[in-house]
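Please read the structure below before turning to the comments.
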Amino acid sequence: MNELSRSVLFSSLPSFISSLEATMILMAIPLIAKDFSITYVKASTLLSIYIVTEILLSIPFSLLAEKVGVKMVIILGTMIMALSSFLIIFSNSFLLILILRIFQGIGASMVLLTSLSYASLIGSDKERGKMVGLNHTIVSLGYVFGLPLGGLIAEINWKYLFAITSVLSFISLFLLLSLNEVHARSGLGISIIYTSLIFDGIILGLYYPLFLLLSLIGLVMTLWKIKLGRVFYLTSLSGFLHSITRNMIAAFFVFYLYSLHLPALIIGSLVLLYPLSFTFVSFYAGKLHDKYKLRVASFGFASMALSSLSLFFNVVLGEFLLGSSSGIATTSNTAYTMSSVRNKDRIVASGIRSIQGVVSNTIGLIIASYFRTFLTPYVESTVLLNLASLLILGIVVFFSRKY
């Protein structure tokens, strides 16, 4: 492994830990509800408060990263995750654990945006896809291992989940010290908060529709004040639509396999086919992007739409095809998006892309909670949204050739 790849590996580890912990705790919610004699809904606030904190702070922290450096923010975020996870182990109050989850969300918001920033800022644009692909592969491994590991550890003691997060974070801190600092200053300043309003409004609007007006205001102000370029916004939109379907389909596989009442070990193994195929393909998709650019992302979106039809015939085959298609689409589209902005804008752009991922994940899970195991609406939504993503890329290509 060369020095460049090693740097991306080390800088991506905190995001891997964040995704691992976020997935592991899903398996612990019923046990936490039982231990504290509270409802499942109340215990689930440990998930929602974490997500809301990430969404609210990711973009503001991108401004901090511009001022003090990407490495410094990665280290600070990892330290916050390590300490808050450690304190949860010794906490016997649900309220205190909830507060510490907010601090975990603060740390996670820092490392998510900075890991992508680091991968985007080091090396040349000729290797951008490879670096982003490596970052995506490492981060997605957290989601792959989180479910089975969380189920296994939670049955012993759910607090051990936070012990794993804490130990891994402290180890990661040691590795991060070897990184070189990278800086970038977009000059956008406080105006970037307008973009934050878009996603804050969306996530709050899912519960209180009036907040969607906040998103509209944020969108208008973002397009007016924040000049990141037409390509960035269009490819970000295409990635956002695709990401909704990626997370929606992931939830479908969980709902469907559990509805079959199979042994837990078999369910856990089958559920992993989707993220495993995504992870395996991501790195190679990034390398292909470096050569073929948007054609790779276009193929991924088209493949995602077509692969969803396979669910009508064989769900296991569908898992493999959809995971692979999503790995191709997500990695290559992200690499192209990050390459479309100036080097000095990539910290802010990474913050926007990171928060998109959190919001699209939430939307996908909410949609899946309505569809449950009804297959047809999943397929229809996946086809329509990915064809829309493909159309958007067509518009990008048109403007690129025109100008």
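Every number in this text was worked out from the coordinates using simple rules, so none of it is lab data. Small disclaimer: the values here were computed from a predicted structure and weren't measured. Neighbour counts run over all protein chains shown; Cβ positions are idealised from the backbone, glycine included.
A compact table of results
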read-out: Alpha-carbon centroid distance for the pair the stretch 1-45 / the stretch 78-110, whole angstrom; value: 11
read-out: Stokes-Einstein diffusion coefficient of the stretch 252-403, Kirkwood radius over Cα pairs, 37 °C, 0.692 mPa s, in µm²/s; value: 198
read-out: Packing-based ranking, highest mean first, of 81-91, 368-378 given that Cβ atoms within 10 Å are counted; value: 81-91, 368-378
read-out: Among ILE266, ASN2, ILE75 the positive-end extreme of the charge dipole of the chain (Cβ point charges); value: ASN2
read-out: Top of GLY107, GLY300, GLY205 by mean-square fluctuation, Gaussian network on the chain, Cα under 10 Å; value: GLY205
read-out: Most positive-pole-ward Cα, TYR292, PHE94, SER19, against dipole of the chain from beta carbon charges; value: TYR292
read-out: Dipole moment magnitude, nearest 20 debye, the chain about Cα centre, only Lys, Arg, Asp, Glu C-beta charged; value: 1040
read-out: Point-charge dipole on Cβ atoms (K/R +1, D/E -1) for the stretch 36-127, about Cα centre, debye to 20; value: 200
read-out: Choice from MET221, MET338, MET79 showing the highest fluctuation, given a GNM over the chain with Cα pairs closer than 10 Å; value: MET221
read-out: Mean Cα-pair separation over length for the chain, i.e. relative contact order, pairs under 8 Å, 6 or more apart, %; value: 24
read-out: Sequence ranges 121-128, 249-256, ranked by mean other-Cβ count within 10 angstrom, highest first; value: 249-256, 121-128
read-out: Residue-span extension gain [LEU309 to SER5] - 0.36 nm each, minus C-alpha spacing; value: 105.8 nm
read-out: Compactness relative to 2.2 N^0.38 Å, alpha carbon Rg of the chain; value: 0.93
read-out: Total charge dipole magnitude, the stretch 1-178, about the Cα centre, Cβ charges on Lys, Arg, Asp, Glu only, Debye to nearest 20; value: 60
read-out: Helical segments meeting 27 Å axial Cα length and Kyte-Doolittle 1.6 threshold in the chain (DSSP H); value: 70-89, 94-121
read-out: Net +/- balance of residues flanking VAL359 in space, Cβ distance below 12 Å, scoring K and R +1, D and E -1; value: -1
read-out: For the stretch 171-224 versus the stretch 307-371, the gap between their alpha-carbon centres in whole angstrom; value: 18
